[in-house]
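K.L.:
Here's a structure for you.
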Amino acid sequence: MDTEIKIISRRRKKYVRSTNRDINIVHRNPNPESHPFEQAREYKRALNSVKMDRIFAKPFLTAMTGHIDGIYCLERHPKYLSRVVSASADGEIRVWDLMRRKTVANVQAHNQFIRGITISKPNGNFFFSCSDDQTIKQWRFSDLRSNVNSEYQKKKKPISTFISEETLRGIDHHWSRHTFVTSGDTVQVWDHKRSKPFQKLTFGTTETSSAIKFSPVQKNVFATAGSDRSVALYDLKISTPIRKVILKNQTNAISWNPMEAFNFTVANEDHNCYTFDMRRLDRALCIHNGHLNAVMDVDYSPTGREFITASYDHTIRIFNIRSISSRDVYHTRRMKRVFVAKYSADSKFIISASDDMNIRLWKSEASKPLLPVDRKEKNAIKYRESLKKRYGYLPEIRRISKHRHLPRVLYFMKQQKKKSLQARARKYRNMKMNNPSSVNQIKMRKRFIVKQLK
């Protein structure tokens, strides 16, 4: 009698990897009934991923020293990722190489406080500095390098000097023309080849403008912040002011969104940042809060999705453009009041400068690895990010992802501010219930605006 033998036959290409770098082939049944604990497993993976992010969150990279006074100006190079220019209160300018983390050039540019620095765009061959001595000086990067052996380099003289008849509080360069503007008693428009400003702009008032910034999208439009708590918009094409809004507190810095042409964000003295649409200045698009003291600087990421703020409360915060609260907060024990912060051109790093004479380098993503990762690790990171996004609304995951450690002083300041805001809201609510006619009901996005001028 013949015996029948059943043999299991398989095709080799269905279960064997073609190379050692390929992933192992796993046969999986997609039927959800076969995986009753799928959500529980994914939740646990999301929870572990959030915990790992907090464990590996080490954003601080290095502190670069060299200045002997507080640093109040910082500008990144538009062409080279690792080049940054800084200026301190004693009139010294330093050019830094972030990759080597050291100074590559320095010059004693002014005898007084340097109020602003800007780099010529788009080539970035020159940079300009303005000071309390009412002078604007133009410098060439190649002349300040230490390997240039010439009398010009040894003396380290500027290419040209522009003398202003008014005080200077800020400077910014046009994005495509050989033109730059300065803020002060009036807004002055300068050309590289002229010793005097060829245009002066004013809104009909006597306020002094402090911050000034060109829009990277609408290149002829720029905004200024005045001492009368105003934010004014100007257009070089029509040589006239566009409109103006007066806030309850003074604005310290302005930054334009590089991807959304009409939007800009201002850093205010009332601990908040406000994002505006230049077409409607009667209300803010979003109010960004979280700082415990005046916000001194704001700068957008090149992606246009996030911005950073530098504050008088010794911290740096990272905000999403649509969120009220910050995504992350950076601080160190030795870092003092932060006056300026900038994104790197690839949006992966943050450069900050404070009055403790140090420039600090941070990661924009606190737990992101700096070393290159292979394809498998990239896929694993993407999978963990999708899980965190899917289960991020659950209480435990949200609590861990949003928790940030603050120094003891800032923690108690935060609690005190929270109680003050709660008391103010309770008083407003009681007045509204007992005597509605005595309460002027204004929306939150309009409360900090005094009036708008056109």
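The values are calculated or read from the model by the stated rules, or taken from the named source; none is laboratory data. What you see is a predicted model, and the numbers here were worked out from it, not measured in a lab. We place every Cβ from the backbone using ideal geometry, glycine too, and count neighbours over all the protein chains shown.
K.L.:
Mind checking which residues of region 73-128 are in contact with a His (Cβ under 6 Å, 6 or more places away or on another chain), of a type in the set (D, E, K, R) and not in a strand (DSSP E or B)?
P.N.:
121
K.L.:
Tell me which strands (runs of 3 or more DSSP E) are completely within region 292-378 and hold 1 or more residues being among the small types (Gly, Ala, Ser) and modelled with pLDDT of 95 or more, or say none if there are none.
P.N.:
The qualifying strands (runs of 3 or more DSSP E) are 306-311, 338-343, 349-354.
K.L.:
Applying the selection to region 290-314, what residues are under 22 Å from residue 63 (Cβ atoms) and in contact with a helix residue (DSSP H, G or I) (Cβ under 7 Å, 6 or more places away or on another chain)?
P.N.:
Passing the criteria: only 313.
K.L.:
Hey, could you check region 298-315 for residues that are charged (D, E, K, R) and under 8 Å from the mean Cα position of the chain (by Cα) and say which is surrounded by the most Cβ atoms within 10 Å (Cβ to Cβ)?
P.N.:
Per the criteria, the residue is 299.
K.L.:
Residues that are out of contact with any Asp or Glu (no Cβ under 8 Å at 6 or more places or on another chain), at pLDDT 90 or above and either at negative phi or among the aliphatic types (A, V, I, L, M) (or both): does region 144-151 have at least one?
P.N.:
No - not one qualifying residue is present in region 144-151.
K.L.:
Further, regarding this structure: (1) under 30 Å from residue 392 (Cβ atoms); (2) under 23 Å from the mean Cα position of the chain (by Cα); (3) of a type in the set (Lys, Arg): which one isn't true of residue 83, the others all being true?
P.N.:
Tallying (1) under 30 Å from residue 392 (Cβ atoms); (2) under 23 Å from the mean Cα position of the chain (by Cα); (3) of a type in the set (Lys, Arg), residue 83 fails exactly one: (1).
K.L.:
Scan (1) outside any helix (DSSP H, G or I); (2) surrounded by 10 or more Cβ atoms within 10 Å (Cβ to Cβ); (3) not polar (S, T, N, Q) for the single condition residue 44 breaks and write down its number.
P.N.:
Failed condition: (1).
K.L.:
Step by step: first the residues of region 113-124, then only those that are at pLDDT 90 or above and out of contact with any Cys (no Cβ under 7 Å at 6 or more places or on another chain), then the one that is nearest to residue 194 (Cα to Cα). Which residue is that?
P.N.:
Filtering region 113-124 for residues that are at pLDDT 90 or above and out of contact with any Cys (no Cβ under 7 Å at 6 or more places or on another chain), the one nearest to residue 194 (Cα to Cα) comes out as 120.
K.L.:
Need pairs with beta-carbon distance below 8 Å; first residue free of Cβ contacts under 8 Å to residues at least 24 places away in the same chain and within region 309-323, second of a type outside the set (Ser, Thr, Tyr) and surrounded by fewer than 24 Cβ atoms within 10 Å (Cβ to Cβ); sequence gap 6+ or separate chains.
P.N.:
Between residues of region 309-323 that are free of Cβ contacts under 8 Å to residues at least 24 places away in the same chain and residues that are of a type outside the set (Ser, Thr, Tyr) and surrounded by fewer than 24 Cβ atoms within 10 Å (Cβ to Cβ), the close pairs are 320/305; 320/306; 320/327.
K.L.:
What is the one condition in (1) part of a helix (DSSP H, G or I); (2) in contact (Cβ under 8 Å) with a residue 12 or more places away in the chain that residue 404 does not satisfy?
P.N.:
Going through the list (1) part of a helix (DSSP H, G or I); (2) in contact (Cβ under 8 Å) with a residue 12 or more places away in the chain, residue 404 breaks only (1).
K.L.:
Since residue 103 meets every condition but one in (1) more than 20 Å from the chain's Cα centre (by Cα); (2) hydroxyl-bearing (Ser, Thr, Tyr); (3) modelled with pLDDT of 95 or more, which condition does it not meet?
P.N.:
It fails just one condition, (3).
K.L.:
Of all residues in region 61-78, which are β-branched (Val, Ile, Thr) and surrounded by fewer than 21 Cβ atoms within 10 Å (Cβ to Cβ)?
P.N.:
Result: 62, 65, 68.
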